[in-house]
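Asks: Following this message is one structure expressed as C-alpha coordinates.
The values are calculated or read from the model by the stated rules, or taken from the named source; none is laboratory data. This is a predicted model, so every value here is computed, not measured. All Cβ positions, glycine included, derive from the backbone under ideal geometry; neighbour counts span all protein chains shown. The area values use the complete protein model at the heavy-atom level, side chains included, leaving out ligands, DNA and RNA. Shrake-Rupley method; radii C 1.70, N 1.55, O 1.52, S 1.80 Å.
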Amino acid sequence: MRWLTIILVVQFAFHFEPAPAIAQEEALKAISGFLKSLTKGKKRKRGRKVEKVEDAPAAAAVAAPVQARAVNPAKSEQENRKARLESHLKAYAEWIEHVCQLSDQQRKELEKLLEQKILLSQKKFAEKKLPPNRHNYLYDYSPFRFFDDDGAATEIYQADLDKAVHKLLNEKQKGALNAALSQRKLELHNRYLNYIIEKADKELSLSEKQEKQIRVLFPDQIPLLKNGLYSFFPRTYYVKEKPIVSIIMHPPIAFKKTQMNRLQGLRQQQSSIVFMANSGVENWYKQLDEEVENQKEKFHRALDFRIALIGADFQLTPQDKKYLKLAGKGATIKILAAWKKNSLPQLKQWEKHAKQQPGQNFGFGLQAADVSELDKNPLWEHAVKKVVTEATYNKIMQKAQQAKTGYVVAILDQELYLRDDQRDVIQTILQGNLPVINSRYSQSYDLALLGLTLHGKKRKAIEKILTEPQLNAFTVLKKQFTAQNSYLAIQSRHGQIYLHPLNQ
(Lines give C-alpha, C1' and ligand atoms only; values in the text may rest on other atoms or scores of the structure.)
Protein backbone atom coordinates (compact mmCIF):
# COMPACT_ATOMS: atom_id res chain seq x y z
CA MET A 1 0.00 0.00 0.00
CA ARG A 2 2.81 2.35 0.86
CA TRP A 3 4.41 1.51 -2.49
CA LEU A 4 1.24 2.42 -4.36
CA THR A 5 0.87 5.68 -2.45
CA ILE A 6 4.41 6.66 -3.36
CA ILE A 7 3.80 5.88 -7.01
CA LEU A 8 0.69 8.05 -6.97
CA VAL A 9 2.68 10.99 -5.63
CA VAL A 10 5.25 10.65 -8.39
CA GLN A 11 3.05 10.07 -11.43
CA PHE A 12 -0.70 10.63 -11.25
CA ALA A 13 -2.92 8.65 -13.64
CA PHE A 14 -5.39 10.25 -16.03
CA HIS A 15 -5.49 7.17 -18.23
CA PHE A 16 -3.74 3.84 -18.42
CA GLU A 17 -1.04 3.54 -21.04
CA PRO A 18 -1.54 0.04 -22.55
CA ALA A 19 2.04 -0.26 -23.73
CA PRO A 20 2.93 -3.25 -21.47
CA ALA A 21 0.42 -5.42 -23.32
CA ILE A 22 1.74 -4.15 -26.65
CA ALA A 23 5.29 -4.90 -25.58
CA GLN A 24 4.34 -8.43 -24.59
CA GLU A 25 2.54 -8.95 -27.88
CA GLU A 26 5.61 -7.82 -29.83
CA ALA A 27 7.84 -10.11 -27.80
CA LEU A 28 5.44 -12.99 -28.35
CA LYS A 29 5.51 -12.34 -32.08
CA ALA A 30 9.27 -12.67 -31.92
CA ILE A 31 8.98 -15.98 -30.05
CA SER A 32 6.30 -17.22 -32.45
CA GLY A 33 8.49 -16.34 -35.42
CA PHE A 34 11.36 -18.36 -34.01
CA LEU A 35 9.05 -21.28 -33.24
CA LYS A 36 7.68 -21.30 -36.79
CA SER A 37 11.14 -21.14 -38.32
CA LEU A 38 12.27 -24.08 -36.19
CA THR A 39 9.18 -26.26 -36.59
CA LYS A 40 9.06 -25.70 -40.36
CA GLY A 41 12.77 -26.26 -40.79
CA LYS A 42 13.45 -22.74 -42.02
CA LYS A 43 16.82 -21.19 -41.31
CA ARG A 44 17.25 -17.64 -40.16
CA LYS A 45 20.00 -15.52 -41.57
CA ARG A 46 22.90 -15.31 -39.19
CA GLY A 47 23.05 -12.16 -37.13
CA ARG A 48 19.45 -11.22 -37.78
CA LYS A 49 18.04 -9.09 -34.99
CA VAL A 50 14.61 -9.38 -33.41
CA GLU A 51 12.39 -6.32 -33.65
CA LYS A 52 12.86 -3.88 -30.81
CA VAL A 53 10.16 -3.71 -28.18
CA GLU A 54 9.09 -0.77 -26.06
CA ASP A 55 6.86 -0.67 -23.04
CA ALA A 56 5.71 1.36 -20.09
CA PRO A 57 6.17 0.44 -16.42
CA ALA A 58 4.01 -2.46 -15.29
CA ALA A 59 2.03 -2.29 -12.05
CA ALA A 60 1.74 1.49 -12.09
CA ALA A 61 -0.48 4.03 -13.75
CA VAL A 62 1.16 6.26 -16.30
CA ALA A 63 0.43 9.93 -16.90
CA ALA A 64 -0.56 11.11 -20.37
CA PRO A 65 2.30 12.61 -22.37
CA VAL A 66 2.60 16.34 -22.05
CA GLN A 67 3.25 18.29 -25.23
CA ALA A 68 6.30 20.44 -24.55
CA ARG A 69 9.16 21.95 -26.46
CA ALA A 70 12.63 20.46 -26.41
CA VAL A 71 14.83 22.27 -23.90
CA ASN A 72 18.50 22.39 -22.94
CA PRO A 73 19.51 20.11 -20.06
CA ALA A 74 19.24 21.67 -16.62
CA LYS A 75 22.39 22.82 -14.84
CA SER A 76 21.99 20.09 -12.19
CA GLU A 77 21.80 17.45 -14.92
CA GLN A 78 24.97 18.79 -16.52
CA GLU A 79 26.78 18.73 -13.17
CA ASN A 80 25.67 15.19 -12.35
CA ARG A 81 26.72 14.03 -15.80
CA LYS A 82 30.14 15.60 -15.41
CA ALA A 83 30.65 13.97 -12.00
CA ARG A 84 29.79 10.57 -13.45
CA LEU A 85 32.17 10.98 -16.37
CA GLU A 86 35.02 12.29 -14.24
CA SER A 87 34.82 9.56 -11.61
CA HIS A 88 34.47 6.77 -14.19
CA LEU A 89 37.30 7.98 -16.39
CA LYS A 90 39.65 8.44 -13.45
CA ALA A 91 39.13 4.76 -12.67
CA TYR A 92 39.78 4.07 -16.36
CA ALA A 93 42.98 6.15 -16.26
CA GLU A 94 44.24 4.28 -13.21
CA TRP A 95 43.58 0.97 -14.99
CA ILE A 96 45.52 2.19 -18.04
CA GLU A 97 48.38 3.20 -15.75
CA HIS A 98 48.33 -0.19 -14.05
CA VAL A 99 48.32 -2.11 -17.37
CA CYS A 100 50.84 0.05 -19.22
CA GLN A 101 53.12 1.22 -16.40
CA LEU A 102 52.90 4.86 -17.47
CA SER A 103 55.62 7.39 -16.83
CA ASP A 104 54.84 10.59 -14.93
CA GLN A 105 54.72 12.51 -18.22
CA GLN A 106 52.36 9.98 -19.81
CA ARG A 107 50.14 10.08 -16.75
CA LYS A 108 49.83 13.86 -17.02
CA GLU A 109 49.13 13.66 -20.76
CA LEU A 110 46.42 11.05 -20.22
CA GLU A 111 44.82 13.17 -17.50
CA LYS A 112 44.82 16.18 -19.82
CA LEU A 113 43.38 14.11 -22.68
CA LEU A 114 40.47 12.86 -20.58
CA GLU A 115 39.74 16.35 -19.28
CA GLN A 116 39.52 17.57 -22.87
CA LYS A 117 37.22 14.71 -23.84
CA ILE A 118 34.90 15.44 -20.92
CA LEU A 119 34.93 19.18 -21.62
CA LEU A 120 33.98 18.63 -25.27
CA SER A 121 31.28 16.09 -24.38
CA GLN A 122 29.79 18.41 -21.77
CA LYS A 123 29.81 21.35 -24.17
CA LYS A 124 27.91 19.36 -26.80
CA PHE A 125 25.52 18.08 -24.15
CA ALA A 126 24.79 21.58 -22.78
CA GLU A 127 23.88 22.76 -26.28
CA LYS A 128 21.67 19.76 -26.98
CA LYS A 129 17.90 20.19 -27.09
CA LEU A 130 16.36 17.32 -25.16
CA PRO A 131 12.95 16.25 -26.50
CA PRO A 132 10.17 15.50 -23.99
CA ASN A 133 10.47 11.80 -24.75
CA ARG A 134 8.71 9.50 -22.31
CA HIS A 135 10.64 6.52 -23.61
CA ASN A 136 13.96 8.11 -22.68
CA TYR A 137 13.08 8.00 -19.03
CA LEU A 138 16.50 7.95 -17.38
CA TYR A 139 19.46 10.28 -17.92
CA ASP A 140 22.26 9.34 -20.28
CA TYR A 141 24.50 9.00 -17.22
CA SER A 142 22.10 6.79 -15.24
CA PRO A 143 23.21 3.21 -14.46
CA PHE A 144 23.07 0.96 -17.54
CA ARG A 145 22.08 3.93 -19.70
CA PHE A 146 25.63 5.21 -19.13
CA PHE A 147 26.93 2.51 -21.50
CA ASP A 148 24.05 2.45 -24.01
CA ASP A 149 24.73 3.28 -27.64
CA ASP A 150 23.75 6.88 -26.83
CA GLY A 151 25.05 6.89 -23.24
CA ALA A 152 27.41 9.48 -21.83
CA ALA A 153 30.31 7.04 -21.34
CA THR A 154 29.85 5.48 -24.76
CA GLU A 155 30.04 8.89 -26.40
CA ILE A 156 33.48 9.42 -24.86
CA TYR A 157 34.76 6.00 -25.88
CA GLN A 158 33.49 6.38 -29.43
CA ALA A 159 35.14 9.79 -29.84
CA ASP A 160 38.40 8.08 -30.91
CA LEU A 161 39.49 7.66 -27.29
CA ASP A 162 41.46 4.47 -28.02
CA LYS A 163 43.38 6.15 -30.84
CA ALA A 164 44.17 9.17 -28.70
CA VAL A 165 45.42 6.97 -25.83
CA HIS A 166 47.56 4.89 -28.19
CA LYS A 167 49.37 8.02 -29.32
CA LEU A 168 50.64 8.44 -25.77
CA LEU A 169 52.12 4.93 -25.59
CA ASN A 170 55.18 3.14 -26.89
CA GLU A 171 54.87 -0.12 -28.84
CA LYS A 172 55.28 -2.37 -25.81
CA GLN A 173 52.61 -0.44 -23.92
CA LYS A 174 50.23 -0.58 -26.90
CA GLY A 175 50.58 -4.36 -27.03
CA ALA A 176 49.93 -4.67 -23.30
CA LEU A 177 46.87 -2.40 -23.52
CA ASN A 178 45.37 -4.21 -26.51
CA ALA A 179 45.78 -7.56 -24.80
CA ALA A 180 44.24 -6.26 -21.56
CA LEU A 181 41.28 -4.67 -23.38
CA SER A 182 40.57 -7.91 -25.26
CA GLN A 183 40.77 -9.94 -22.06
CA ARG A 184 38.51 -7.49 -20.26
CA LYS A 185 35.86 -7.61 -23.00
CA LEU A 186 35.91 -11.40 -22.92
CA GLU A 187 35.68 -11.48 -19.11
CA LEU A 188 32.65 -9.18 -19.14
CA HIS A 189 31.06 -11.17 -21.97
CA ASN A 190 31.45 -14.48 -20.15
CA ARG A 191 29.84 -13.15 -16.99
CA TYR A 192 26.95 -11.65 -18.95
CA LEU A 193 26.48 -14.85 -20.95
CA ASN A 194 26.55 -17.06 -17.85
CA TYR A 195 23.76 -14.94 -16.40
CA ILE A 196 21.69 -15.04 -19.60
CA ILE A 197 22.10 -18.80 -19.96
CA GLU A 198 21.09 -19.28 -16.33
CA LYS A 199 18.01 -17.10 -16.92
CA ALA A 200 17.09 -19.18 -19.99
CA ASP A 201 17.84 -22.40 -18.13
CA LYS A 202 15.39 -21.41 -15.41
CA GLU A 203 12.57 -21.27 -17.97
CA LEU A 204 13.65 -23.99 -20.41
CA SER A 205 16.04 -26.29 -18.51
CA LEU A 206 18.78 -26.22 -21.13
CA SER A 207 20.82 -29.35 -21.73
CA GLU A 208 24.61 -29.34 -21.51
CA LYS A 209 24.74 -29.69 -25.30
CA GLN A 210 22.45 -26.69 -25.79
CA GLU A 211 24.56 -24.56 -23.46
CA LYS A 212 27.68 -25.41 -25.44
CA GLN A 213 25.90 -24.62 -28.73
CA ILE A 214 24.94 -21.21 -27.38
CA ARG A 215 28.44 -20.41 -26.15
CA VAL A 216 30.13 -21.18 -29.48
CA LEU A 217 27.89 -18.65 -31.27
CA PHE A 218 30.23 -15.92 -29.98
CA PRO A 219 31.91 -14.03 -31.53
CA ASP A 220 31.67 -15.53 -35.04
CA GLN A 221 27.87 -15.42 -35.34
CA ILE A 222 26.95 -12.97 -32.56
CA PRO A 223 29.22 -10.15 -31.26
CA LEU A 224 30.52 -10.40 -27.69
CA LEU A 225 27.90 -9.21 -25.23
CA LYS A 226 28.17 -5.70 -23.80
CA ASN A 227 25.58 -6.23 -21.07
CA GLY A 228 23.23 -8.83 -19.62
CA LEU A 229 19.97 -6.98 -20.33
CA TYR A 230 18.11 -9.82 -22.07
CA SER A 231 14.61 -11.06 -21.29
CA PHE A 232 11.82 -13.25 -22.65
CA PHE A 233 9.65 -10.13 -22.50
CA PRO A 234 11.99 -7.18 -23.23
CA ARG A 235 11.18 -3.84 -21.62
CA THR A 236 12.85 -0.63 -22.65
CA TYR A 237 11.25 1.98 -20.45
CA TYR A 238 14.04 2.19 -17.90
CA VAL A 239 16.82 -0.01 -19.26
CA LYS A 240 16.95 -1.30 -22.82
CA GLU A 241 16.39 -5.03 -22.65
CA LYS A 242 16.75 -7.24 -25.72
CA PRO A 243 14.92 -10.49 -26.58
CA ILE A 244 16.65 -13.50 -25.08
CA VAL A 245 15.30 -15.60 -27.96
CA SER A 246 17.69 -13.78 -30.31
CA ILE A 247 20.48 -15.69 -28.56
CA ILE A 248 19.08 -19.00 -27.39
CA MET A 249 16.96 -19.72 -30.48
CA HIS A 250 19.74 -19.32 -32.96
CA PRO A 251 20.56 -22.08 -35.46
CA PRO A 252 21.73 -24.83 -35.02
CA ILE A 253 20.35 -25.06 -31.44
CA ALA A 254 17.57 -27.66 -31.25
CA PHE A 255 14.91 -27.84 -28.54
CA LYS A 256 13.02 -30.72 -26.96
CA LYS A 257 9.25 -30.99 -27.23
CA THR A 258 8.83 -30.07 -23.55
CA GLN A 259 10.94 -26.94 -24.10
CA MET A 260 8.91 -25.97 -27.15
CA ASN A 261 5.73 -26.40 -25.12
CA ARG A 262 7.19 -24.19 -22.41
CA LEU A 263 7.96 -21.47 -24.95
CA GLN A 264 4.39 -21.69 -26.19
CA GLY A 265 3.25 -21.46 -22.57
CA LEU A 266 5.16 -18.23 -22.16
CA ARG A 267 2.74 -16.70 -24.64
CA GLN A 268 0.04 -16.87 -21.99
CA GLN A 269 2.22 -15.42 -19.24
CA GLN A 270 0.89 -12.04 -18.15
CA SER A 271 3.02 -9.63 -16.16
CA SER A 272 0.36 -7.01 -15.35
CA ILE A 273 -3.39 -6.95 -14.88
CA VAL A 274 -5.35 -3.88 -15.92
CA PHE A 275 -8.30 -2.47 -14.00
CA MET A 276 -10.45 0.29 -15.53
CA ALA A 277 -12.54 2.79 -13.57
CA ASN A 278 -15.42 2.69 -16.05
CA SER A 279 -15.94 -1.02 -15.34
CA GLY A 280 -17.13 -0.10 -11.84
CA VAL A 281 -15.33 -0.37 -8.53
CA GLU A 282 -17.49 -3.32 -7.46
CA ASN A 283 -16.27 -5.29 -10.48
CA TRP A 284 -12.61 -4.82 -9.53
CA TYR A 285 -12.95 -7.33 -6.70
CA LYS A 286 -14.73 -9.83 -8.95
CA GLN A 287 -11.94 -9.38 -11.48
CA LEU A 288 -9.38 -9.98 -8.75
CA ASP A 289 -11.00 -13.31 -7.85
CA GLU A 290 -11.11 -14.28 -11.53
CA GLU A 291 -7.45 -13.43 -11.89
CA VAL A 292 -6.56 -15.72 -9.00
CA GLU A 293 -8.16 -18.60 -10.92
CA ASN A 294 -6.52 -17.54 -14.19
CA GLN A 295 -3.13 -17.36 -12.57
CA LYS A 296 -3.67 -20.74 -10.94
CA GLU A 297 -3.81 -22.26 -14.43
CA LYS A 298 -0.60 -20.42 -15.34
CA PHE A 299 1.14 -21.80 -12.25
CA HIS A 300 -0.07 -25.32 -12.93
CA ARG A 301 1.32 -25.20 -16.48
CA ALA A 302 4.66 -24.03 -15.11
CA LEU A 303 4.45 -26.75 -12.47
CA ASP A 304 3.85 -29.47 -15.07
CA PHE A 305 6.86 -28.23 -17.03
CA ARG A 306 9.11 -28.30 -13.99
CA ILE A 307 7.99 -31.79 -13.02
CA ALA A 308 8.47 -33.11 -16.57
CA LEU A 309 12.03 -31.80 -16.74
CA ILE A 310 12.98 -32.85 -13.21
CA GLY A 311 11.50 -36.27 -13.92
CA ALA A 312 13.56 -36.67 -17.10
CA ASP A 313 16.79 -35.41 -15.54
CA PHE A 314 16.57 -37.48 -12.33
CA GLN A 315 14.54 -40.53 -13.44
CA LEU A 316 11.77 -39.90 -10.94
CA THR A 317 9.17 -42.54 -10.13
CA PRO A 318 5.43 -41.88 -10.69
CA GLN A 319 5.12 -41.56 -6.90
CA ASP A 320 7.84 -38.87 -6.86
CA LYS A 321 6.06 -36.92 -9.59
CA LYS A 322 2.74 -37.17 -7.77
CA TYR A 323 4.42 -35.92 -4.60
CA LEU A 324 5.87 -32.94 -6.49
CA LYS A 325 2.48 -32.20 -8.05
CA LEU A 326 0.76 -32.08 -4.66
CA ALA A 327 3.50 -29.92 -3.18
CA GLY A 328 3.40 -27.60 -6.18
CA LYS A 329 -0.35 -27.17 -5.98
CA GLY A 330 -0.08 -26.40 -2.28
CA ALA A 331 2.65 -23.85 -2.98
CA THR A 332 0.50 -22.28 -5.71
CA ILE A 333 -2.42 -21.84 -3.30
CA LYS A 334 -0.17 -20.13 -0.75
CA ILE A 335 1.50 -17.87 -3.33
CA LEU A 336 -1.79 -16.71 -4.88
CA ALA A 337 -3.41 -16.20 -1.48
CA ALA A 338 -0.51 -13.93 -0.52
CA TRP A 339 -0.75 -12.16 -3.90
CA LYS A 340 -4.47 -11.47 -3.39
CA LYS A 341 -3.88 -10.28 0.18
CA ASN A 342 -1.22 -7.83 -1.01
CA SER A 343 -3.40 -6.67 -3.91
CA LEU A 344 -6.49 -5.80 -1.84
CA PRO A 345 -4.98 -2.71 -0.14
CA GLN A 346 -3.98 -1.43 -3.58
CA LEU A 347 -7.56 -1.79 -4.83
CA LYS A 348 -8.78 0.01 -1.71
CA GLN A 349 -6.39 2.87 -2.41
CA TRP A 350 -7.69 3.20 -5.98
CA GLU A 351 -11.27 2.91 -4.73
CA LYS A 352 -10.61 5.88 -2.44
CA HIS A 353 -9.21 7.82 -5.38
CA ALA A 354 -12.31 6.98 -7.49
CA LYS A 355 -14.58 8.36 -4.75
CA GLN A 356 -12.54 11.56 -4.58
CA GLN A 357 -12.70 11.98 -8.37
CA PRO A 358 -16.20 10.78 -9.33
CA GLY A 359 -16.80 10.40 -13.05
CA GLN A 360 -13.11 10.35 -13.94
CA ASN A 361 -12.07 7.43 -16.09
CA PHE A 362 -8.63 6.06 -15.36
CA GLY A 363 -6.86 2.75 -15.28
CA PHE A 364 -4.17 1.09 -13.23
CA GLY A 365 -2.22 -2.12 -13.30
CA LEU A 366 -1.31 -4.71 -10.71
CA GLN A 367 1.75 -6.90 -11.11
CA ALA A 368 0.69 -10.50 -11.65
CA ALA A 369 2.14 -13.20 -9.44
CA ASP A 370 5.43 -14.46 -10.82
CA VAL A 371 5.74 -18.21 -11.41
CA SER A 372 9.35 -17.95 -10.22
CA GLU A 373 7.82 -17.63 -6.73
CA LEU A 374 7.34 -21.39 -6.97
CA ASP A 375 11.08 -21.97 -6.85
CA LYS A 376 11.39 -19.97 -3.62
CA ASN A 377 8.36 -21.46 -1.87
CA PRO A 378 9.40 -23.60 1.14
CA LEU A 379 6.80 -26.29 0.38
CA TRP A 380 7.99 -26.79 -3.20
CA GLU A 381 11.64 -26.40 -2.24
CA HIS A 382 11.33 -29.10 0.42
CA ALA A 383 9.63 -31.48 -2.04
CA VAL A 384 12.30 -31.02 -4.71
CA LYS A 385 15.10 -31.55 -2.20
CA LYS A 386 13.44 -34.78 -1.11
CA VAL A 387 13.14 -36.32 -4.59
CA VAL A 388 16.51 -35.21 -6.04
CA THR A 389 18.48 -35.18 -2.74
CA GLU A 390 19.34 -32.00 -0.89
CA ALA A 391 22.97 -32.06 -2.01
CA THR A 392 21.98 -32.06 -5.69
CA TYR A 393 19.40 -29.34 -5.14
CA ASN A 394 21.92 -27.12 -3.33
CA LYS A 395 24.41 -27.63 -6.16
CA ILE A 396 21.85 -26.45 -8.70
CA MET A 397 20.98 -23.42 -6.58
CA GLN A 398 24.65 -22.58 -6.07
CA LYS A 399 25.25 -22.58 -9.82
CA ALA A 400 22.38 -20.14 -10.31
CA GLN A 401 23.68 -17.94 -7.50
CA GLN A 402 27.18 -17.91 -8.99
CA ALA A 403 25.85 -16.73 -12.35
CA LYS A 404 23.81 -13.97 -10.73
CA THR A 405 26.72 -12.88 -8.56
CA GLY A 406 29.02 -12.89 -11.58
CA TYR A 407 26.56 -10.61 -13.33
CA VAL A 408 26.70 -8.07 -10.49
CA VAL A 409 30.50 -8.24 -10.51
CA ALA A 410 30.46 -7.54 -14.27
CA ILE A 411 28.25 -4.47 -13.76
CA LEU A 412 30.65 -3.15 -11.13
CA ASP A 413 33.62 -4.02 -13.33
CA GLN A 414 32.19 -2.04 -16.23
CA GLU A 415 31.81 0.97 -13.96
CA LEU A 416 35.00 0.70 -11.88
CA TYR A 417 37.59 -1.10 -14.04
CA LEU A 418 38.26 -3.88 -11.56
CA ARG A 419 41.47 -5.89 -11.57
CA ASP A 420 41.45 -9.69 -11.73
CA ASP A 421 42.06 -10.19 -8.02
CA GLN A 422 39.36 -7.66 -7.14
CA ARG A 423 36.76 -9.49 -9.24
CA ASP A 424 37.48 -12.73 -7.42
CA VAL A 425 37.26 -11.10 -3.98
CA ILE A 426 33.99 -9.29 -4.77
CA GLN A 427 32.54 -12.54 -6.18
CA THR A 428 33.35 -14.20 -2.84
CA ILE A 429 31.94 -11.28 -0.83
CA LEU A 430 28.63 -11.25 -2.70
CA GLN A 431 28.19 -15.00 -3.15
CA GLY A 432 25.15 -15.93 -1.09
CA ASN A 433 24.63 -12.30 -0.05
CA LEU A 434 22.80 -10.81 -3.03
CA PRO A 435 19.47 -9.07 -2.39
CA VAL A 436 16.27 -11.04 -2.88
CA ILE A 437 14.09 -9.06 -5.27
CA ASN A 438 10.34 -9.52 -5.29
CA SER A 439 9.06 -8.98 -8.82
CA ARG A 440 5.76 -7.77 -7.38
CA TYR A 441 7.48 -4.57 -6.29
CA SER A 442 10.31 -4.23 -8.77
CA GLN A 443 9.95 -1.59 -11.48
CA SER A 444 13.23 -2.74 -13.01
CA TYR A 445 14.95 -5.92 -11.81
CA ASP A 446 18.43 -4.92 -13.00
CA LEU A 447 18.29 -1.43 -11.50
CA ALA A 448 16.94 -2.85 -8.24
CA LEU A 449 19.65 -5.54 -8.16
CA LEU A 450 22.42 -2.99 -8.61
CA GLY A 451 20.94 -0.39 -6.27
CA LEU A 452 20.24 -2.83 -3.45
CA THR A 453 23.77 -4.23 -3.77
CA LEU A 454 25.30 -0.74 -3.59
CA HIS A 455 23.22 0.02 -0.50
CA GLY A 456 23.49 -3.49 0.92
CA LYS A 457 25.21 -4.92 3.99
CA LYS A 458 28.28 -5.99 1.98
CA ARG A 459 28.93 -2.48 0.63
CA LYS A 460 31.67 -1.68 3.14
CA ALA A 461 33.46 -4.97 2.48
CA ILE A 462 33.60 -4.09 -1.22
CA GLU A 463 34.75 -0.54 -0.53
CA LYS A 464 37.72 -1.81 1.48
CA ILE A 465 39.34 -3.50 -1.53
CA LEU A 466 38.86 -0.61 -3.98
CA THR A 467 41.54 1.88 -4.92
CA GLU A 468 40.89 5.58 -4.34
CA PRO A 469 39.67 6.29 -7.93
CA GLN A 470 37.51 3.15 -7.89
CA LEU A 471 36.05 4.07 -4.52
CA ASN A 472 35.20 7.54 -5.79
CA ALA A 473 33.48 6.05 -8.85
CA PHE A 474 31.65 3.59 -6.56
CA THR A 475 30.44 6.45 -4.34
CA VAL A 476 29.23 8.54 -7.29
CA LEU A 477 27.44 5.49 -8.72
CA LYS A 478 25.82 4.78 -5.37
CA LYS A 479 24.48 8.35 -5.28
CA GLN A 480 22.41 7.56 -8.36
CA PHE A 481 20.21 5.61 -5.97
CA THR A 482 18.55 7.05 -2.90
CA ALA A 483 16.75 5.58 0.09
CA GLN A 484 13.43 7.33 0.61
CA ASN A 485 10.56 6.21 2.85
CA SER A 486 12.16 2.76 3.19
CA TYR A 487 12.28 2.40 -0.59
CA LEU A 488 15.15 2.28 -3.03
CA ALA A 489 14.63 5.01 -5.62
CA ILE A 490 16.41 6.48 -8.62
CA GLN A 491 15.97 9.95 -10.07
CA SER A 492 14.48 10.22 -13.55
CA ARG A 493 13.47 13.10 -15.79
CA HIS A 494 9.94 12.74 -14.45
CA GLY A 495 10.64 12.44 -10.74
CA GLN A 496 11.62 9.54 -8.50
CA ILE A 497 11.27 5.96 -9.67
CA TYR A 498 10.63 3.79 -6.63
CA LEU A 499 12.38 0.54 -7.46
CA HIS A 500 11.97 -1.77 -4.46
CA PRO A 501 11.34 -1.79 -0.70
CA LEU A 502 14.66 -1.78 1.13
CA ASN A 503 13.50 -4.33 3.70
CA GLN A 504 12.15 -6.93 1.25
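Asks: Of (1) touching a residue at least 40 places away in the same chain (Cβ under 8 Å); (2) open to solvent by 20 Å² or more (accessible area, probe 1.4 Å); (3) closer than 30 Å to residue 496 by Cα, residue 119 satisfies all except one. Which?
Replies: It fails just one condition, (1).
Asks: Let me ask you something else. Read through the list (1) exposed (fewer than 14 other Cβ atoms within 10 Å of the Cβ); (2) modelled with pLDDT under 90; (3) under 30 Å from residue 354 (Cβ atoms), then give the number of the only condition that residue 315 fails.
Replies: (3)
Asks: In region 173-227, which residues are part of a loop (DSSP other than H, G, I, E, B) and surrounded by fewer than 14 Cβ atoms within 10 Å (Cβ to Cβ)? Lay out the reasoning, then the answer.
Replies: Step one: filter region 173-227 for residues part of a loop (DSSP other than H, G, I, E, B), giving 205-207, 216-227.
Listed by number, the residues that qualify are 216, 219, 220, 221, 223.
Asks: Whether any residue in region 130-152 is without any contact (Cβ under 8 Å) to a residue 40 or more places away in the chain, surrounded by fewer than 18 Cβ atoms within 10 Å (Cβ to Cβ) and part of a helix (DSSP H, G or I) is what I want to check. Show your work before the answer.
Replies: Taking region 130-152 and keeping what is without any contact (Cβ under 8 Å) to a residue 40 or more places away in the chain, we get 133, 149-151.
When the remaining residues are screened for being surrounded by fewer than 18 Cβ atoms within 10 Å (Cβ to Cβ), the result is 133, 149-150.
Filter again for part of a helix (DSSP H, G or I), leaving none.
So far as region 130-152 goes, no, none of its residues is without any contact (Cβ under 8 Å) to a residue 40 or more places away in the chain, surrounded by fewer than 18 Cβ atoms within 10 Å (Cβ to Cβ) and part of a helix (DSSP H, G or I).
Results for (1) more than 14 Å from the chain's Cα centre (by Cα); (2) within 17 Å of residue 480 (Cα to Cα), shown as yes or no for each residue.
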residue: 405; (1), (2): no, no
residue: 410; (1), (2): no, no
residue: 419; (1), (2): yes, no
residue: 424; (1), (2): yes, no
residue: 428; (1), (2): yes, no
residue: 433; (1), (2): yes, no
residue: 436; (1), (2): no, no
residue: 447; (1), (2): no, yes
residue: 451; (1), (2): no, yes
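Asks: Can you confirm whether region 384-399 contains a residue that is under 30 Å from residue 314 (Cα atoms), out of contact with any strand residue (DSSP E or B) (no Cβ under 7 Å at 6 or more places or on another chain), open to solvent by 50 Å² or more (accessible area, probe 1.4 Å) and touching a residue at least 12 places away in the same chain (Cβ under 8 Å)?
Replies: Taking region 384-399 and keeping what is under 30 Å from residue 314 (Cα atoms), we get 384-399.
Next cut, out of contact with any strand residue (DSSP E or B) (no Cβ under 7 Å at 6 or more places or on another chain) only: 384-399.
Narrowing the set further to residues that are open to solvent by 50 Å² or more (accessible area, probe 1.4 Å) leaves 385-386, 389-391, 394-399.
Narrowing the set further to residues that are touching a residue at least 12 places away in the same chain (Cβ under 8 Å) leaves 386, 399.
Yes, the conditions are met somewhere in region 384-399.
Asks: Failed condition for residue 426, given (1) over 20 Å from residue 229 (Cβ atoms); (2) modelled with pLDDT of 95 or more; (3) open to solvent by 10 Å² or more (accessible area, probe 1.4 Å), with all others met?
Replies: For residue 426, the exception is condition (3).
Asks: Sticking with this one: Kindly indicate whether any position in region 333-344 is part of a loop (DSSP other than H, G, I, E, B), among the aliphatic types (A, V, I, L, M) and surrounded by fewer than 16 Cβ atoms within 10 Å (Cβ to Cβ). Don't jump to the end; show me each part of the working.
Replies: Taking region 333-344 and keeping what is part of a loop (DSSP other than H, G, I, E, B), we get none.
No; the residues of region 333-344 include none that is part of a loop (DSSP other than H, G, I, E, B), among the aliphatic types (A, V, I, L, M) and surrounded by fewer than 16 Cβ atoms within 10 Å (Cβ to Cβ).
One line per residue, one yes/no per condition, for (1) outside any helix (DSSP H, G or I); (2) open to solvent by 40 Å² or more (accessible area, probe 1.4 Å):
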position	(1), (2)
250	yes, no
261	no, yes
274	yes, yes
292	no, no
305	no, no
308	no, yes
311	no, no
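Asks: Here's a follow-up. What number goes with the only condition from (1) open to solvent by 30 Å² or more (accessible area, probe 1.4 Å); (2) more than 29 Å from residue 343 (Cα to Cα) that residue 417 does not pass?
Replies: Unmet condition: (1).
Asks: Moving on to the next point. Do we find a residue being under 18 Å from residue 239 (Cβ atoms), free of Cβ contacts under 8 Å to residues at least 40 places away in the same chain and touching a Lys or Arg at 6+ places or on another chain (Cβ under 8 Å) anywhere in region 480-499?
Replies: Scanning region 480-499, I find no residue that is under 18 Å from residue 239 (Cβ atoms), free of Cβ contacts under 8 Å to residues at least 40 places away in the same chain and touching a Lys or Arg at 6+ places or on another chain (Cβ under 8 Å), so the answer is no.
Asks: OK, next. With (1) among the charged types (D, E, K, R); (2) touching a helix residue (DSSP H, G or I) at 6+ places or on another chain (Cβ under 6 Å); (3) buried (at least 20 other Cβ atoms within 10 Å of the Cβ) as the list, and residue 301 as the residue in question, which single condition is left unmet?
Replies: (3)
Asks: With the structure loaded, tell me whether residue 283 is at pLDDT 90 or above, among the polar types (S, T, N, Q), surrounded by fewer than 21 Cβ atoms within 10 Å (Cβ to Cβ) and more than 23 Å from the chain's Cα centre (by Cα) or whether it fails that test. Break it down stepwise before answering.
Replies: Details: at pLDDT 90 or above: yes; among the polar types (S, T, N, Q): yes; surrounded by fewer than 21 Cβ atoms within 10 Å (Cβ to Cβ): yes; more than 23 Å from the chain's Cα centre (by Cα): yes.
Spelling it out, residue 283 is indeed at pLDDT 90 or above, among the polar types (S, T, N, Q), surrounded by fewer than 21 Cβ atoms within 10 Å (Cβ to Cβ) and more than 23 Å from the chain's Cα centre (by Cα).
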